[in-house]
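This report refers to the structure that appears directly beneath it.
The values are calculated or read from the model by the stated rules, or taken from the named source; none is laboratory data. What you see is a predicted model; the values in this text were computed from it and never measured. Here the Cβ positions follow ideal geometry from the backbone for every residue, glycine too, while neighbour counts run over all protein chains shown.
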Amino acid sequence: MSDPAIDDRAVAPAVMRGLGGRCPACGQARLFGRFLKPAATCPGCGQDWSHQCADDFPAYLVIIVLGHLLLPIVIEVNHLFAPAMGVQMLLWPLLAATLALLLIQPAKGAVIAFQWARRMHGFGAPRP
Ligand SMILES: [Zn+2]
């Protein structure tokens, strides 16, 4: 059964706005004040983002995605080109770090958006 108190916040649009770094509630303002620190409140709709509790989950998501993305590429590049070990020692860590930096903010935005949409942690309606 669905709970109407939870279902009034659509998950997919909120997560898409969070992936783009926009406020999951209104989509009008930036979610992050700094690289990985959400703004205290949304200047567009006033949503309080201090309730977010993403913790390490965005990093776990990035590790899982990058692991599944990079490992086949590393294997295939080694199979096709057999680059020198020195090249690989420079290439793969740089590529992994660059991709991780590119993915971590969208991952955190998506996690915060999901928490908001499902009313997790302090995002729930006040109890009567
Ligand atoms: Zn907003």
Review point. Counting only residues that are surrounded by fewer than 17 Cβ atoms within 10 Å (Cβ to Cβ) and either in contact with a Phe, Trp or Tyr (Cβ under 9 Å, 6 or more places away or on another chain) or modelled with pLDDT under 90 (or both), how many does the stretch 111-125 have?
Key: 5
Practice item. Quick one: count up the residues across the stretch 23-36 that are in contact (Cβ under 8 Å) with a residue 24 or more places away in the chain and closer than 23 Å to ALA100 by Cβ. Key: 5
Study note, to complete from the structure: Of (1) within 16 Å of GLY124 (Cα to Cα); (2) more than 9 Å from the ligand (Cβ to nearest atom); (3) in contact with a strand residue (DSSP E or B) (Cβ under 8 Å, 6 or more places away or on another chain), ARG9 satisfies every one except (3)
**Study point:** the stretch 61-74 residues that are free of Cβ contacts under 8 Å to residues at least 24 places away in the same chain and closer than 15 Å to LEU94 by Cβ, paired with ones that are outside any helix (DSSP H, G or I) and not small (Gly, Ala, Ser) (beta carbon under 7 Å, 6 or more apart)
**Key:** none
**Study point:** Residues being in a helix (DSSP H, G or I) and within 16 Å of the ligand (Cβ to nearest atom) - total across the stretch 15-67
**Key:** 5
Review point. Which number in (1) within 16 Å of the ligand (Cβ to nearest atom); (2) in contact (Cβ under 8 Å) with a residue 24 or more places away in the chain marks the one condition that LEU95 misses?
Key: (1)
Point to revise | Test for ALA97: is it farther than 18 Å from MET16 by Cα and in a helix (DSSP H, G or I) | key: yes
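Yes/no matrix, rows are residues, columns are (1) exposed (fewer than 11 other Cβ atoms within 10 Å of the Cβ); (2) not β-branched (Val, Ile, Thr):
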{"position": "VAL15", "(1), (2)": "no, no"}
{"position": "GLN28", "(1), (2)": "no, yes"}
{"position": "GLY33", "(1), (2)": "no, yes"}
{"position": "LEU36", "(1), (2)": "no, yes"}
{"position": "HIS51", "(1), (2)": "no, yes"}
{"position": "TYR60", "(1), (2)": "no, yes"}
{"position": "ILE73", "(1), (2)": "no, no"}
{"position": "ASN78", "(1), (2)": "no, yes"}
{"position": "PHE81", "(1), (2)": "yes, yes"}
